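See below for the structure under consideration.
The values are calculated or read from the model by the stated rules, or taken from the named source; none is laboratory data. Not measured: the values here are computed from a predicted model. Note: ideal-geometry Cβ built from the backbone for every residue, glycine included; neighbour counts use all protein chains shown. When the accessible area is computed, the model is the full protein with side chains, heavy atoms only, and any ligands, DNA or RNA have been set aside. Shrake-Rupley method; radii C 1.70, N 1.55, O 1.52, S 1.80 Å.
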Amino acid sequence: FNANSENSSKDLSTRLFESINVDQFEAYLMSKENDIFDPVKEEFDESLMNKPLSEFWINSSHNTYLTGDQLTSWSSVEMYTKALYQGSRCLELDCWDGDKRLPIVKHGHTLTSEITFHAVIEVVKEFLNGNPTCSPIILSLENHCSIPCQEAMARCMIEIFEDSLYIPQKESLDGPMPRADTLKGKVILKGKRLPQSEDHIYPDSDADSNDLVSVDSKSSPSKVASVQVCPELSAITYFSTFALKSFKESVDAQAMYMHSVKETQVEAYARDNDLMNDWMVYNRSHMTRVYPKGTRIDSSNYKPILAWYTGSQLVALNLQIPDSDTRLNDGRFRENGRCGYVLKPRSMNTGDVSTLQPLNMYVKVLCGSCLPKPYGKNSGERIDPYVNVRLVDVAASSGKDITTDHKTNYVNNNGFNPVWTQSEAFKFEVHTPDVAILQLTVEDKDYDKDDFIASSSVPVSCIRQGYRSVQLYDKQNTRSGPFAFASLLIEVTIESRQDA
């Protein structure tokens with residue numbers, strides 16, 4: 001820029017605007033560069049990783065091996081590869097005795113198929129070979145195996161993972177939670193550990209597990225578990241679940257001890273303010289895994305927003321079933337380079353709520369571009385698209401999740417460049433901006449059931465205001481093929497709510 005030029009008196013932004021034509025400006029409006037998701041927060045930030053694991057939300061999968069429902073679907077090692085490449089960093093293995101005393105992975109007492117434990121460990125190692133500096137991977141072992149099979153599990157992981165396996169030493173067991181950046185490219189085991197002493201016997205509380213005892217325990221028969229613990233497997237396990245009596249007691253336990261909590265328990269705990277506050281304090285230094293209730297045999301999901309609000313780190317979902325709840329999970333972990341680790345809000349990690357302030361958010365849907373047919377089909381009738389604008393939030397006063405929906409009108413026979421005639425912006429009251437997520441879903445209006453087209457979920461804390469594009473994703477959370485250019489143009493305004 002030459003200050004002595006004839007254009008020196010013109011405002012820089014004005015001259016930049018003059019340098020592009022209308023078509024270029026329109027292209028910019030719908031482009032990724034103008035996306036509603038803050039690009040700074042979407043990028044991976046190495047400086048955020050120098051915190052203990054307990055200070056992160058960690059992308060987590062439930063019954064990772066299943067391809068479908070919980071009763072009759074196939075199990076596949078490919079589901080572990082898929083989950084890892086989608087950003088999951090906590091994977092579940094339900095371990096049982098197989099033929100010749102070799103461990104297998106399957107959903108016990110059902111008609112689902114089985115896969116070998118060895119094959120699962122191999123595909124995780126293969127991922128690590130291609131991604132040696134990835135964020136830490138937690139393997140959640142639900143152990144139903146005999147001692148010989150547990151010994152085989154330990155040998156298998158030690159031989160295949162080699163230096164990638166995090167083996168806790170006494171000082172790390174007695175010390176604080178390890179930092180995420182010190183565990184890059186490492187596998188951490190969650191399961192059952194032998195008590196370190198008679199003063200530290202914590203019963204296991206996983207969904208299908210019983211009390212924890214040593215192989216050579218001299219405990220009374222009433223304390224002997226149906227599944228015992230192999231010393232070799234215990235020695236390489238860091239996280240150990242234990243029974244919940246009260247969070248006030250649990251917070252004094254060593255950092256390696258954690259809780260597993262069913263989704264229905266989350267709802268119950270959230271209704272008790274004192275219990276909820278104790279849980280939040282516990283989650284600042286310890287881990288909690290939340291998992292779906294057993295009656296979800298169709299592999300449906302619960303809304304993860306309330307579990308995130310409690311500060312729980314491992315909020316496990318049935319990621320094999322794409323639905324609105326897994327799309328919330330996709331939006332949450334789009335942050336920080338999709339590495340599977342998102343630093344929890346400062347208010348959760350420190351207890352400082354002085355900066356928390358409810359907001360009003362106004363969203364006006366203007367138009368769309370290149371919206372494909374359902375499932376990206378090449379043929380079929382033209383779509384009649386409309387947009388469902390949803391805010392998923394938590395009301396701190398009641399301890400309940402809140403879902404607020406607004407819908408645009410539908411546009412007849414136009415998926416290429418639909419324009420919606422929305423006279424006023426949709427208003428949303430945001431109670432917990434650090435946790436709330438805005439979800440925009442395009443659907444095709446039909447006579448019976450409306451068809452899903454594409455969607456995008458954006459944490460309120462990552463939203464950029466103004467006229468913004470919304471990059472849309474298919475059911476598998478990808479933007480390939482017919483979905484490569486699918487987008488919306490919306491207007492977003494956010495203001496503080498002083499009277500809240």
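For this structure, a couple of remarks:
- Taken residue by residue, segment 182-197 has no member that is part of a helix (DSSP H, G or I), touching a helix residue (DSSP H, G or I) at 6+ places or on another chain (Cβ under 6 Å) and not polar (S, T, N, Q).
- Any hit, segment 385-394, residues being buried (at least 18 other Cβ atoms within 10 Å of the Cβ) and of a type in the set (Asp, Glu): yes
- Test result for residue 470, surrounded by 18 or more Cβ atoms within 10 Å (Cβ to Cβ), modelled with pLDDT of 95 or more and under 30 Å from residue 275 (Cβ atoms): no
- Filter result for the condition that a residue is among the hydrophobic types (A, V, I, L, M, F, W, C), surrounded by fewer than 20 Cβ atoms within 10 Å (Cβ to Cβ) and in contact (Cβ under 8 Å) with a residue 12 or more places away in the chain, over 321, 305: 321
- Subset of segment 234-264 that is of a type in the set (S, T, N, Q) and in a loop (DSSP other than H, G, I, E, B) - its residue that is surrounded by the most Cβ atoms within 10 Å (Cβ to Cβ): 237
- Condition check for residue 290: under 19 Å from residue 263 (Cβ atoms) and in contact with a Pro (Cβ under 6 Å, 6 or more places away or on another chain): no
- Count of residues meeting criterion [part of a loop (DSSP other than H, G, I, E, B) and open to solvent by less than 20 Å² (accessible area, probe 1.4 Å)] in segment 164-174: 1
- Of all residues in segment 30-42 being outside any strand (DSSP E or B) and of a type in the set (D, E, K, R), the one that is surrounded by the fewest Cβ atoms within 10 Å (Cβ to Cβ): 33
- Filtered by the rule that a residue be open to solvent by 30 Å² or more (accessible area, probe 1.4 Å) and either touching a strand residue (DSSP E or B) at 6+ places or on another chain (Cβ under 9 Å) or in a strand (DSSP E or B) (or both), segment 43-66 gives 45, 48, 50, 51, 52, 55.
- Selection within segment 344-367 - in a helix (DSSP H, G or I) and out of contact with any Leu (no Cβ under 9 Å at 6 or more places or on another chain): 346, 348, 350
- Filtering segment 272-289 to residues that are more than 23 Å from the chain's Cα centre (by Cα) and in a loop (DSSP other than H, G, I, E, B) leaves only 272.
- Annotation note: Cβ proximity below 7 Å between a residue of segment 21-38 that is without any contact (Cβ under 8 Å) to a residue 60 or more places away in the chain and a residue that is of a type outside the set (Val, Ile, Thr) (sequence gap 6+ or interchain) occurs for 28/34.
- Whichever residue in segment 141-163 is touching a Lys or Arg at 6+ places or on another chain (Cβ under 8 Å) and open to solvent by less than 20 Å² (accessible area, probe 1.4 Å) and, among such residues, is nearest to residue 101 (Cα to Cα): 149
Per-residue answers, yes or no, for (1) open to solvent by 10 Å² or more (accessible area, probe 1.4 Å); (2) part of a helix (DSSP H, G or I); (3) without any contact (Cβ under 8 Å) to a residue 24 or more places away in the chain; (4) out of contact with any His (no Cβ under 8 Å at 6 or more places or on another chain):
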position	(1), (2), (3), (4)
80	no, yes, no, yes
87	no, no, no, yes
111	yes, no, no, yes
134	yes, no, no, yes
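- Taking every residue in segment 477-500 that is more than 14 Å from residue 368 (Cα to Cα) and pairing it with any residue that is open to solvent by 60 Å² or more (accessible area, probe 1.4 Å) and at pLDDT below 95, at least 6 positions away or on another chain, the pairs with Cβ-Cβ distances below 7 Å are 496/357.
- Filtered residue count, segment 67-78, keeping only those that are of a type in the set (A, V, I, L, M, F, W, C) and either surrounded by fewer than 16 Cβ atoms within 10 Å (Cβ to Cβ) or in contact with a Lys or Arg (Cβ under 9 Å, 6 or more places away or on another chain) (or both): 2
- Listed by first and then second residue, the pairs linking a residue in segment 177-193 that is open to solvent by 10 Å² or more (accessible area, probe 1.4 Å) to a residue that is at pLDDT below 95 and among the β-branched types (Val, Ile, Thr), with Cβ atoms under 9 Å apart and 6 or more places separating them unless they lie on different chains, are 192/227; 192/229; 192/241; 193/229.
- Total residues in segment 265-293 satisfying the condition of being closer than 20 Å to residue 90 by Cα and either open to solvent by 60 Å² or more (accessible area, probe 1.4 Å) or of a type in the set (Val, Ile, Thr) (or both): the figure is 5.
- Of residues in segment 427-451 being under 25 Å from residue 322 (Cβ atoms), out of contact with any helix residue (DSSP H, G or I) (no Cβ under 7 Å at 6 or more places or on another chain) and of a type outside the set (D, E, K, R), the one surrounded by the most Cβ atoms within 10 Å (Cβ to Cβ): 442
- For segment 330-384, filtered to residues that are within 29 Å of residue 313 (Cβ to Cβ) and among the hydroxyl-bearing types (Ser, Thr, Tyr), the residue that is surrounded by the fewest Cβ atoms within 10 Å (Cβ to Cβ) is 354.
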